[in-house]
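Below is one structure, written out as structure tokens; the observations come after it.
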Amino acid sequence: MPDTPDDSRAEEWVSETGDVRPLLAPPVTPLGRPIRLGVLISGGGSTLANFLRCRGEGLLDAEFPLVIASRPDCGGLQIAKNAGIRAEVVSLKDFNSTDEFSERIFSLLREVQVDLVTLAGFLCLVRIPSDFANRVMNIHPGLIPSFCGKGLYGMKVHEAVLARGCKVSGCTVHFADNVYDHGPIIVQKAVPVLEGDTPQTLAARVFEAECQAYPEAIRLFADARLIVTGSCVRILEQPL
């Protein structure tokens, strides 16, 4: 994780090289305008579709200046195209290192001046630069810290939950850092594991929870109701 002070609402911080840089997240005051979201995808784009649905229903005041896909065959690219959203493909295989791959992604995100980056089923690890500390969110289809980390994603999570005989599962929205499924937890929602569940039926139930949790976390960010202290996130009743 980038070297930031414990209270991430500070307006600026000094890097190890002595540079003073603005710390833009989480916001100290409500944005008072639509939040500009960058959306990173690796698959069918179901989370992007949910964001767009929420915006259409007045549940998410957001603009989508850019979608970045890790593969040219991502179904989510068509969703972006249909919505008139700029979409770019940035594939890890086209770069010599994760650092170069990440720099290209964040260069594009800076170009369109996003407020927040949302990992929406994005399966590649990215190196988060200091100016995006606590400005990148991820959603995981499990209750972190259980059933998470490298190799545990998508249906593999639900298979593992059922194999362990868990009675509840759910989803977690958290600020991403440079470790898989790590970083301060913002929102969690639990769902029951029912007798006779398959990975597919459990996945569908968890996704219903995801459709509520991710927009909720984004609204909290835009409304300046999040304080990151160390590895924990405090949720304020109202902005300071």
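The values are calculated or read from the model by the stated rules, or taken from the named source; none is laboratory data. Values in this document were obtained by computation on a predicted structure and should not be read as measured data. Using ideal geometry, Cβ is built from the backbone for each residue, glycine included, and neighbour counts are taken over all protein chains shown.
Within region 90-120, being more than 16 Å from Ser70 (Cβ to Cβ) and in contact with a Gly (Cβ under 9 Å, 6 or more places away or on another chain) holds for Val112, Val114, Asp115, Leu116.
Taken over region 26-45, the residue count meeting the criterion of being assigned to a strand (DSSP E or B) and among the charged types (D, E, K, R) is 1. Within region 224-240, residues that are under 11 Å from Pro27 (Cβ atoms) and surrounded by 13 or more Cβ atoms within 10 Å (Cβ to Cβ) reach partners that are modelled with pLDDT of 90 or more and hydroxyl-bearing (Ser, Thr, Tyr) with beta carbons closer than 7 Å, at six or more positions or on different chains, in the pairs Ala224/Thr29. Phe101: surrounded by 15 or more Cβ atoms within 10 Å (Cβ to Cβ), within 28 Å of Ile235 (Cα to Cα) and touching a residue at least 12 places away in the same chain (Cβ under 8 Å), yes or no? Answer is no for this residue. Could you please give the count of residues in region 190-240 that are farther than 19 Å from Leu37 by Cβ, in a helix (DSSP H, G or I) and in contact with a strand residue (DSSP E or B) (Cβ under 7 Å, 6 or more places away or on another chain)? Number satisfying all stated conditions: 4. For region 154-190, the tally of residues that are more than 30 Å from Glu103 (Cβ to Cβ), buried (at least 18 other Cβ atoms within 10 Å of the Cβ) and among the β-branched types (Val, Ile, Thr) stands at 1. When Leu60, Leu48 are screened for being buried (at least 18 other Cβ atoms within 10 Å of the Cβ) and in a loop (DSSP other than H, G, I, E, B), only Leu60 passes.
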